[in-house]
Amino acid sequence: MEELQDKYAENSASFGKTINKTLSILDLQGVTMAKLSSETLEFVKKIAKVDSANYPETMGKMLIINAPGIFKFAWGLVQAFLDPRTVSKIEI
């Protein structure tokens, strides 16, 4: 987190305005049903909880690209465990 804060400060100084959000791009090309196991979904849920608890306002936007159709089903399961503000920042 300290490294991220340093990067925010550096970029804020360079651009002359406050920069304190991130843009993440998650490319799911090649993800199949076999790779979306319950273990994988549990891992995603744990990561999301840690991020929400420790870095609640750093995500500006997340773009999920090349998502297979099955991902929408999985997303329906995962988003129930996320803060609604976080869910609103994610585009598939």
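Here the sum of -39500 (n - 2.57) over DSSP H runs of 4 or more residues, divided by the residues of the chain, equals -15500 deg cm²/dmol at 222 nm, to the nearest 500. Find the relative contact order for the chain and round it to a whole percent, using C-alpha pairs within less than 8 Å whose residues are 6+ positions apart. Once divided by the residue count of the chain, the mean separation gives 34 percent. Remark: the chain is approximated by an ellipsoid whose semi-axes, taken from the C-alpha gyration tensor as √(5λ), come to 28, 14, 12 Å, largest first.
For the chain, the fraction of 1.4 Å probe accessible surface lying on carbon and sulfur atoms is 59 percent. Summing Lys and Arg as +1 and Asp and Glu as -1 over all other residues whose Cβ lies under 14 Å from the Cβ of residue 43 gives a net charge of +1. In straight-distance terms, cross-link reach from residue 35 covers every one of the lysines whose alpha-carbon lies under 19 Å from its own, apart from those fewer than eight places away in the same chain; here that gives 45, 46, 72. Computed from Cα atoms, the angle from the helix 69-78 axis to the main principal axis of the chain rounds to 70 degrees. Charge tally for residue 79 (other residues, Cβ to Cβ under 11 Å; Lys, Arg +1; Asp, Glu -1): +1. The lysines whose alpha-carbon is closer than 21 Å to the alpha-carbon of residue 21, local same-chain residues fewer than 8 away aside, are 7, 49, 61, 89.
The values are calculated or read from the model by the stated rules, or taken from the named source; none is laboratory data. Given the structure is predicted, the values throughout are model-derived calculations rather than measurements. Ideal geometry is used to build each Cβ from the backbone, glycine not excepted, and the neighbour counts take in all protein chains shown. Accessible surface areas use protein heavy atoms only, side chains included; no ligands, DNA or RNA. Shrake-Rupley method; radii C 1.70, N 1.55, O 1.52, S 1.80 Å.
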